[in-house]
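To start, the structure itself, in structure tokens.
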Amino acid sequence: MTGATRATSPGPERIEGHAKVTGTARYAFEHPVADPLYLHPLRATIARGRVTSVDTTAAERVDGVRLVLTHHNAEALVPIGDPELAVLQSDEIAFRGQLIGAVVAETQESAAHAADLVEIRYERMAHDSDFRDDADIVYTPDADASPMLSPDLEEGDVDAALADAAFTVDATYTTPTEHHNPLEPHAVIAAWDDDGLTLHDSNQGSHLVRDLIAPLFGVDKERVSVISPHVGGAFGSKGMPHGHVALTALAARHTAGRPVKYALSRTQMFELVGYRPPTRQRVRLGADREGRLVATEHDSLEQTSRFKQYAEQSASASREMYTSPNRRVTNRLAALDVPAPTWMRAPGEAGGMYALESAMDELAVSAGIDPVELRLRNEPEVAPVSGLPFSSRNLPACLREGAERFGWHERDPRPGVRREGDWLVGTGVAASSFPSLFFPGSLATIRHESGGKYRVEIGAVDIGTGSRTALTQLAAEALEVPVEAVELWLGSTEQPHASLAGGSAGTASWGSTVVEAVRAFRTEHGHDPVSGAETTAGAGKNPDAGEYAMHSYGAQFAEVRVNADTGEVRVPRMLGVFAAGRIVNPRTARSQFLGGMTMGISMALHEHSVVDERFGHVVNHDLAGYHIAGNADVGSVEVDWIDEHDPHVNPVGVKGIGEIGIVGTAAAIGNAAHHATGVRVRDLPLTPEKFLR
Amino acid sequence: MKPFDYQRATDADSAISLVSGDPEARYIGGGTNLVDHMKLGIAEPGKLVDITRLPYDSVESLPDGRVRIGATVRNSDLAAEPVIRQRYPVLAQALLSGASGQLRNLATTGGNLLQRTRCSYFQDVTTPCNKREPGSGCSALEGWNRHHAVLGASERCVATHPSDMAVALAALDADVLVEGPDGQRTVPVTELHRLPGDEPERDTVLRHGELVTAVELPSLPFASRSRYRKVRDRASFAFALVSVAAAVELVEGTITDVRIALGGLAHKPWRATEAERVLRGAPATEETFRAAADAELAAARTLRDNEFKVPMTRNTLASVLRELTRQEGS
């Protein structure tokens, strides 16, 4: 189970890699359609109130304008319980930037120009966009508010244990609003004809988009096609369809079959497609003289929207991570007049583990125990709280292997004593964890074309992770044929139903589906099938679900330099060692870990959507103002993994790797920055002024 | 974006008459600032006159030791020019620390100088801004003002000038050559940009129709030992939080001459005359450096989010002076 082994082969190259680098892979907006029109949205410039009048006269006079759509002339949609999709259904405004209309024209430029000429008057109402811990806005979410949310946890007597503890930490950490900013903006082409609606859309689940958009327009699901062969990143922001999809489909009702195209601008992406909500987390830890935790408390407050609830579970990171006889874990929400937050890469874990793993480092410092050793001493035998055995848990192996390779054992624990020129130098560590999820309900079709060639169809979406390649490999392996003998079709509702590309569950869920479908195919057609033999099947229920605690783990090590004069923070070196079950394709897997860690560097140093509560909007709403790590910010990043065989998680033994890379990175960097400077910064991001003295 | 006309000028006279005769006309060089502003709806010219084909695309060493930089020389070309790298390293470093490679390939010398001040609220037509709409109020004064001015600001405007190049030019005492409907004139670069005062909508002293044709650098031999240090949130492609351009002449441990300009602190590149006064004739010691920084920053007035700029500037200026005097002494 343990012991580091390096994959000997890097695995097949990404199947669509050549098409992508040569620009021939078609993303949603690029799909050729006949005679398209272009949409430019109208967005609210107040944070709460209602639209009292709309004057479209000047806009309609602009050459090429075909339609100005507002709540006055938009058709009624069927209420399906998602306020984001109920666009133009009333005059109410619930957040700044809300979609309140659209101009559709022959060119993007004329649509944008005409949109500027629409005169909108408002009745303003007082709004509240100031994220804070205030009884007026804070509430306890219902346990069913999110599948990942658990009710408050109270085990033992935390206060008494803290009072008796040899070492304690009581610290509050904050993480800011962050926006996903995938390379490909959200984009959609909508066209209605006699058969129904066709959407070329950038999303994480074309079947999910269909399942929500069809009932919204009161049409059968079979009459909606969603086509998404390539998606240029998503990070959760394309998990659920947002208002722009409904708006574009609504506009296309008025264009006599002409397709309507809409790609969001970067600024619109700061208002309309979700974000990681800000958090304020208090962590209290108590340990005995040997550093064994006697109490763990984690209370998280996160922002949600009054318009649409989104409940995240950051404090839940502390439920199953370390052994602790006394434990209290609570999650609270603060509801504001702001756009709806949504999942963003490792939702809950990214922020929650930042707080927990920073607090663990503070405990290590106050107890005088090496931070790697402290974590090893608190390794649980079985999952805390549930008491379930772990399906596999190789955090200690990750920590030990990482420490060895990083050169951790030569580390002088004293903070603020290493200087090279103008730079203070330090190192830090943090653990990573992410649940191993499996989404049921996917189906795959296996078809023997002829001469040993197989066609495999599953309506999954490859959001850039390498799913197309990994699923082809798993299909070939199950079919016992070379990879070249399998042609995999995905990315559309033309293929059998597949679950969302999210929760790091893609390869686990779809891979299991493909493998089970191959088994069903062999059962039905044997090992010498006729041409055209075909079977559609899915994966059954995992008998081990609910019997084991299932997570992937990792250990992240960072070297950080902080400029003694200016406070600038640099991360010249990182190492991440992960234990995430079977790694199907080392080449694309490495890219996932690397991407997660890079996004973690970005989270640690840069990402911060600054909200101006007077207006209720994000002020730095473009890529000049909202910084994402550039190449110069990312030094050496080494990624490796422990060879781990987990027979319990799912039929393919895959735990999921899309998110764990971002979990723990920010804590490792913050801990290293403390080691470099002696300054403990508890508010992300780690901008220079926080280290200035 | 509002529809507009486009014309390419073939000579300076016709360019000047095209623009000066039409209050809605604007010159366009690389377009890296103006086109952004047109997309944002904060600039709505009726006509663009493209000046990139005018004969201002070379760098010349003049017989009197001065160097003349044509207004349409691209930032990346200027940074690579041997005479700039050898005689004015502060300018090459400032250019290379600005924007991204792609932008530097497009941006021109004149256009870089004439960038407008930068402020998130100025760029957002849905928020009040005195620069965009005089009298509408300043959203930054009580808002997010981390990047805003601590020197020379007014109640009307606290925006900062974003150019790195202009900070180096201010330190070097460069002159800006201007042609207009009324003929030629020369404006010291330190007097080109304005402080906001009661008219924040006016970024420079140029009149409508005036065209920057060149920038001239004085001979200034000690500028061969000069440095530009930019402090920013990420290692590349970010505007300065603060920046320091400096050149020092050192004789036996005494600073005999010095030029300093600061970026990220004001509505214009900030020539640090107070700091220079303290340094000139003084020993090159840490105490002198700190005293010089304190003298310059005595007038600083900070806002909610930008208090850090004062200690950051003090430390950065001291660091640059330390480095330059160490170089000189070695």
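Since every read-out is calculated from the coordinates, none of them should be taken as a lab result. Computed from a prediction, not measured in an experiment: that's the story for all the values here. Cβ atoms come from the backbone with ideal geometry, glycine included; neighbour counts cover every protein chain shown.
Quick rundown of the values:
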{"read-out": "Label-point gap, in nm, between A:Lys20 and A:Ala171 - each point 7 angstrom along Cα→Cβ", "value": "3.7 nm"}
{"read-out": "For region A:1-93, alpha-carbon Rg and Dmax in angstrom", "value": "23.7, 71"}
{"read-out": "Cross-link table A:Lys238/A:Lys308; A:Lys690/B:Lys131; B:Lys268/B:Lys309; A:Lys690/B:Lys309; A:Lys20/A:Lys261, entries beyond 19 Å C-alpha to C-alpha", "value": "A:Lys690/B:Lys131; A:Lys20/A:Lys261"}
{"read-out": "Estimated [θ] at 222 nm from DSSP helical runs (n ≥ 4, -39500 (n - 2.57)) normalised by residues in chain A, nearest 500", "value": "-7000 deg cm²/dmol"}
{"read-out": "DSSP beta bridges in the protein assembly as shown [antiparallel fraction, %, rounded to 5]", "value": "80 percent"}
{"read-out": "Derived scalar couplings ³J(HN,Hα) [region A:150-165; Karplus, 6.51 cos²θ - 1.76 cosθ + 1.60; whole Hz; x for Gly, Pro]", "value": "10, x, 3, 10, 9, 10, x, 10, 4, 5, 5, 5, 5, 5, 8, 5"}
{"read-out": "Rg(Cα) / (2.2 N^0.38 Å) computed for chain B, rounded to two decimals", "value": "0.98"}
{"read-out": "Of all DSSP beta bridges in region A:439-537, antiparallel share, percent nearest 5", "value": "70 percent"}
{"read-out": "Which of B:Cys138, B:Ala170, B:Ala43, positive extreme of dipole for chain B (C-beta unit charges)", "value": "B:Cys138"}
{"read-out": "Percent RCO, i.e. relative contact order, over region A:13-157, from Cα pairs under 8 Å lying at least 6 residues apart", "value": "33 percent"}
{"read-out": "Computed magnitude of the charge dipole of the protein assembly as shown (debye, nearest 20; Cβ of K, R +1, Cβ of D, E -1)", "value": "1640 debye"}
{"read-out": "Those lysines that a straight Cα-Cα span of less than 18 Å connects to A:Lys655, excepting residues fewer than 8 apart in one chain", "value": "A:Lys541"}
{"read-out": "Shielding score for B:232-243, defined as the mean number of other chain Cβ atoms within 10 Å", "value": "6"}
{"read-out": "Hydrodynamic radius of region A:89-193 per Kirkwood, over alpha carbon pairs, in Å", "value": "20.9 Å"}
{"read-out": "Cross-link partners of B:Lys47 among lysines (Cα-Cα below 17 Å; sequence separation of 8 or more within a chain)", "value": "B:Lys2, B:Lys39"}
{"read-out": "Dipole axis of the protein assembly as shown (+1 Lys, Arg; -1 Asp, Glu on Cβ), positive-most option in B:Ser20, A:Val382, A:Val663", "value": "B:Ser20"}
{"read-out": "Global form of the protein assembly as shown, assessed from the alpha-carbon gyration tensor, a/c cut-off 1.5", "value": "oblate"}
{"read-out": "Other protein chain Cβ atoms within 10 Å, averaged over every residue that makes up B:308-317", "value": "4"}
{"read-out": "Prolate/oblate/rounded call for region A:439-537, Cα gyration tensor, a/c under 1.5 rounded", "value": "prolate"}
{"read-out": "Within chain B, percent of DSSP bridges classed antiparallel, to nearest 5", "value": "85 percent"}
{"read-out": "Sites B:Arg290 and A:Arg414, calculated FRET efficiency, Cβ-Cβ separation with R0 45 Å, nearest 0.05", "value": "0.95"}
{"read-out": "Average Cα contact separation per residue, chain A, under 8 Å, 6 or more apart, as relative contact order %", "value": "17 percent"}
{"read-out": "Rounded, prolate or oblate (a/c below 1.5 giving rounded, otherwise prolate when a/b exceeds b/c) for region B:223-327 by Cα gyration tensor", "value": "prolate"}
